[in-house]
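No value in this document is a laboratory result; all are computed from the given coordinates. Since the structure is predicted, the reported quantities are computational estimates derived from the model, not experimental observations. Don't worry about glycine lacking a Cβ; one is built from the backbone with ideal geometry, like all the others, and counts go over all protein chains shown.
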Amino acid sequence: MTIEEQIKENLEGVLVPGAMRSLTKLNLVRNIAVSDGKASISLAATALGPESQDWLKAKVSETTKGIPGIKKVTIDFVEAMPKELNEVKHVVAIMSGKGGVGKSLVTSLIGVSLARRGYEVGILDADITGPSIPRMFGTDSRPAGSDSGILPVLSHLGIGIMSINLLLPNEDDAVIWRGPLIAKTITQFWEDVLWGKLDYLLVDLPPGTADAPLTVMQALPLSGVVVVFSPQELAAMVVRKAVQMAQKMNIPIIGVVENMSYFLLPDSGKRIELFGKSKAEERAKAAGAPLLGQLPIDPDLARLCDEGNIERYDSAVLNALADAFLKAMSTRMREK
């Protein structure tokens, strides 16, 4: 291992104040050079206030001076925009034709399951007028940052979250905005937030096929979309609209998820289809995409969401959803 590689490895343990992710995971390390016992390190100042920069300068210097062969360390900060630093392998939007089918729930569950498997995950809450992601994760912290960028709030499992509700004085405040302002905010959540290095950025879309989903499909480099629906026949038409939108925009459909598919009686385990017979296979065929899962109505899950503890949820159904999602993503990447 070279001295430069050793320095970079040590910097993986230096957490950025306000983000609690390392310098390397936020992609803030821009250059490392070593000559005649002198190490010169350039860090991006993106989303860092003066106090954070001073703290990082001292910490990086302390960490580097302990490496054999290093006698002197110089650290400088360079300007960079968040979008220049962000390296996201897969951007996946979760969409639905209508509201109330559990799109935000599916977004959160996929995020939790991926984080548990060691992936670096972020969630961009693009449902500007009806955000629910922060409540499910039990976070109300305001994002840190500076004039050069914003740092997402980190969940207990390390999922980066950005939502309009984290910027409002009160989470109950209504966001009464017209389409262009909503579209601009979504674009800023992509371009002005320092996501750093992520394996997956999940985008929770508002329902329908209007300005917000259109903005995401045009402005973000989507790997694909996951379509969420419920069993009711009433949802069939609007599901087809969402599928058609993705197809017309040439966005691959990674898979479909049927939420509120059934309820298991606690005493007997009997499966009751409260909202009618499942249409999962039929709608997956119509979308030309695999069925990723059929999620039951689970009172325990509902309680954990209300309590802000969705990251505590675990079940065989959730593990199967994660397996199916990763398999579909792998298939999609091979087809590219």
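Laid out as a table, the results:
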read-out	value
When the convex hull of its Cα atoms is projected in every direction, mean area for the range 142-220 (nm²)	6.2 nm²
Taking SER40, SER113 and counting other C-beta atoms within 10 Å, the order from fewest to most	SER40, SER113
Equivalent ellipsoid dimensions for the chain as semi-axes, Å, which come from the Cα gyration tensor, largest first	40, 20, 19
Cα-centre dipole for the chain with unit charges at Cβ (Lys and Arg positive, Asp and Glu negative), debye to 20	880 debye
Net length gained if the chain between LEU15 and MET1 were fully extended (0.36 nm per residue, minus Cα distance)	2.8 nm
FRET efficiency for SER330 and ASP36, using Cβ-Cβ distance with R0 set to 45 Å, rounded to 0.05	0.45
Under Karplus coefficients 6.51, -1.76 and 1.60, residue-wise ³J(HN,Hα) of the range 163-179 in Hz, glycine/proline x	8, 4, 5, 7, 9, 7, x, 9, 5, 7, 5, 7, 9, 9, 10, 7, x
Eligible lysines near LYS277 by straight Cα distance, threshold 25 Å, same-chain separation 8 or greater	LYS98, LYS103, LYS241, LYS285
Where labels lie 7 Å past Cα in the beta-carbon direction, separation of LEU214 and SER278 in nm	3.6 nm
Gain on full stretching of the segment that runs from LYS241 to LYS89 - 0.36 nm per residue minus C-alpha separation	51.9 nm
Sparsely packed GluC sites (Glu not before Pro) within the range 66-154, loop by DSSP, other Cβ within 10 Å at most 12	GLU79
When each of LYS25/LYS184; LYS83/LYS279; LYS65/LYS89 is checked by Cα-Cα distance, pairs over 31 Å	LYS83/LYS279; LYS65/LYS89
Relative contact order [Cα under 8 Å, 6+ residues apart], the chain, whole percent	19 percent
At R0 = 35 Å, FRET efficiency that the Cβ-Cβ distance of ALA320 and ARG142 yields, to 0.05	0.45
0 to 90° range, to nearest 10: angle between helix 103-116 axis and the chain longest Cα axis	50 degrees
Cβ-derived FRET efficiency at R0 45 Å, ASP173 paired with ALA286, nearest 0.05	0.70
Note, ³J(HN,Hα) from phi for the range 10-24, Karplus 6.51, -1.76, 1.60, rounded to Hz, x at Gly and Pro	5, 5, 5, x, 8, 8, 7, x, x, 10, 6, 10, 6, 4, 6
Zero-based 5 Å bins, Cα pair distances in the range 41-176, whole percents	2, 8, 15, 16, 17, 15, 11, 7, 4, 3, 1, 1, 0
